[in-house]
Amino acid sequence: MKKRTYYLFILIAFCVFSDDANCFDLSWNTPQVTSKNTASNLGKNLDESKLLVNRTNEILINESELDFAILPLTNLKKTIKKFLFDKVDESKFLNYHTPDKIERSPLSSWTHPSNIPLKSSLQISLLTGCDFAAKDKEKYCFVYYGTKLSGYISQRLLFYSYWWAGHFGGDMDYARTSKLIDSWTQASDDEDKIHLDNVTGKITYIGRGNFWSISVGRGKYEIGSNIGGSVILSDNCNDYGYFSSKLNFNKLSISILHANLISDSTITKSTKDLPDKYLVIHKIDWKPDSKYHLFLGEHVIYGNRNIEPSYLLPQTLMRAVEHNLHDRDNVLIFIGMNYKPVQKNIVYFNFMIDELKKSEILGDWWGNKYAFQIGNAYTLARDKEAILTLEFTAVRPWMYTHNVMYNKFSHDDIGLGFPQGSNLLQYALEFNCMLKKRLNFNIHGSFTRQGSIGNTFYINYDDRPSDIAKWLEGDISNRFQVSPVFTWQPLSHHTLKFGIIVTRFDNEDFEKELMVSYQAVY
């Protein structure tokens, strides 16, 4: 049943091409406000809305356009010069476009192969880089290389792929704390290196009139504007495989995603106890005008069985379906809003519940599991991209927990909810500004108060000490963190990041971590 369902999705995705589409947006759901505070060129999720760029030069007639960095040999000198010295250059290792149209006349030279679709494109880039981190007397370095590929066929089938691989050197215990390590790794025989790789990709088919799209891919998504991490769905995790679809009804849209997750388990050399685990998302967005964007939706985490066809219906309520499946899955409901009172100001709100009793809304029943987030992003100077964002987040105890391992709100041992966990209050601030044309400054600060009871998805909620759960219950810890990051692009194909992370827990001494990241892409 599972294989047949997958094949059906793939068959639908490769429908007959049409040539009336001009949409190049690959994104499924993208928050209006998100943090830009990352000190690594590999650290942030891909912005799918900017991966594909349509040609801006003249219309190609009859002949294809090919730009290959090393062939013919005369291109090699130009490529080296562009890579090392150009400040304004959009060249890639390989850039290929087919004609926009064919004009058959006695005067025209028709050299385009008839079996290759018109209005198609392929772009390939090579990348390499290095991340360096140091804290006290510890330090490590991550050296990597990879490729980027993107393109489209007949301006209707869109695709991209992003792959990188590398290894850590230096202090291995310290290297294991890197945020880049979010999945499986392999150590060298002498254990002086840790090898790591990652791949992200997607194929999207856009239906006639741009009314609908369907995709198969590997990646991760974030729902709800935020700067401290989403309480609804965080991208602070490993990538996962998924099928997704989106229907657009002018001011209303419906989104669905079905993903394969990796369940949390103890992995040994002899066995990998990994039962099937899935995430399903239904989401409805409504934009009545330019000021309001409202959305609501459902998550379902289920597993240890084949794919459930009932959850693939975008027009149904999954919570009702889950009740009829003997109430064995994990269902969460979320709502959110983005409001622009003026063009340069965005007020946002996110809310998600797991369980809730009307009679206990203001009480301390442990099952009142909910999280909410409110923030305001204000543009101080549009020409400098200067944006100041303030945010408050509150997450009840036991929010992302479950009594079944494969139904926890997590993926591959990392939570899918708020990155800091639950049973907490957090105040966050972020400021972003373009100091010069190629120099950007970002600073993020947060203060978090968190209780020790029911504060992580790892805990089985059947092990709770009582049926009462108060805010910040247990031993309270205070965490202060500030992180300034400079991003400099001295040349078109080179990017350098410099960041410092300063952290303090309770009354302990400040911990300082220096991070430097360099990346070259051509």
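Bear in mind that the values in this text are calculations on the coordinates, not laboratory data. Predicted model only: the values in this text are computed from it and were never measured. Here Cβ is always computed from backbone atoms with ideal geometry, including for glycine, and neighbour counts include all displayed protein chains.
Remarks
- Nearest-ten-degree value, helix 74-85 long axis tilted from longest Cα axis of the chain: 40 degrees
- Seen from Arg504, the other residues with C-beta closer than 11 Å to its C-beta sum to a net charge of -2, counting Lys and Arg as +1 and Asp and Glu as -1.
- Rg/Rh for the range 145-270, where both radii come from Cα atoms and Rh is the Kirkwood radius: 1.05
- Between the C-alpha center of the range 339-369 and that of the range 118-141 there is a gap of 38 Å.
- Summarising the amide proton neighbourhood of Ala187: residues at separation of 5 or more, or on other chains, whose placed amide H is nearer than 5 Å comprise His195.
- Amide H contacts under 5 Å for Leu51: Leu26, restricted to partners 5 or more places along the chain or on a different chain, H placed in the peptide plane at 1.01 Å from N.
- Of the chymotrypsin sites (Phe, Trp or Tyr not before Pro) found in the range 139-204, the ones in coil according to DSSP and having at most 16 other Cβ atoms within 10 Å of their Cβ are Trp184.
- Segment Ser466-Tyr378, length gained on full extension (0.36 nm per residue, minus Cα span): 27.4 nm
- Difference of contour (0.36 nm per residue) and Cα-Cα distance, Asp173 to Phe480: 108.2 nm
- Once backbone amide H atoms are built at 1.01 Å from N, Lys139 has Asp171 as its partners under 5 Å, excluding neighbours fewer than 5 places away on the same chain.
- Ascending count of other beta-carbon atoms within 10 Å, so fewest first, for Lys44, Lys436, Lys92: Lys436, Lys44, Lys92
- In order along the range 455-462, the phi-based Karplus estimate (6.51 cos²θ - 1.76 cosθ + 1.60, θ = phi - 60°) of 3J(HN,Hα) comes to 9, 8, 5, 4, 7, 6, 5, 5 Hz; Gly and Pro are listed as x.
- Relative contact order, percent, the range 190-344 [alpha-carbon distance under 8 Å, six or more residues apart]: 15 percent
- Overall form of the range 348-413 per C-alpha gyration tensor (a/c, 1.5; a/b vs b/c): oblate
- Relative contact order, percent, the range 31-171 [alpha-carbon distance under 8 Å, six or more residues apart]: 19 percent
- Computed on the chain, with alpha-carbon pairs under 8 angstrom and 6+ residues apart, the relative contact order is 13 percent.
- C-alpha long axis of helix 2-13 to longest principal axis of the chain, angle in °: 40 degrees
- Summed over qualifying helices (DSSP H, 4 residues or more, each -39500 (n - 2.57)) and divided by its residue number, the chain shows a 222 nm mean residue ellipticity of -2000 deg cm²/dmol.
- Cα centroid of the range 455-522 to Cα centroid of the range 66-80, whole Å: 43 Å
- Two-decimal Rg/Rh across the chain, once Rg and the Kirkwood Rh are taken from alpha-carbon atoms: 0.97
- Whichever lysines have a C-alpha closer than 20 Å to that of Lys44, once near sequence neighbours (fewer than 8 apart) are set aside: Lys36, Lys148, Lys179, Lys202, Lys220, Lys497
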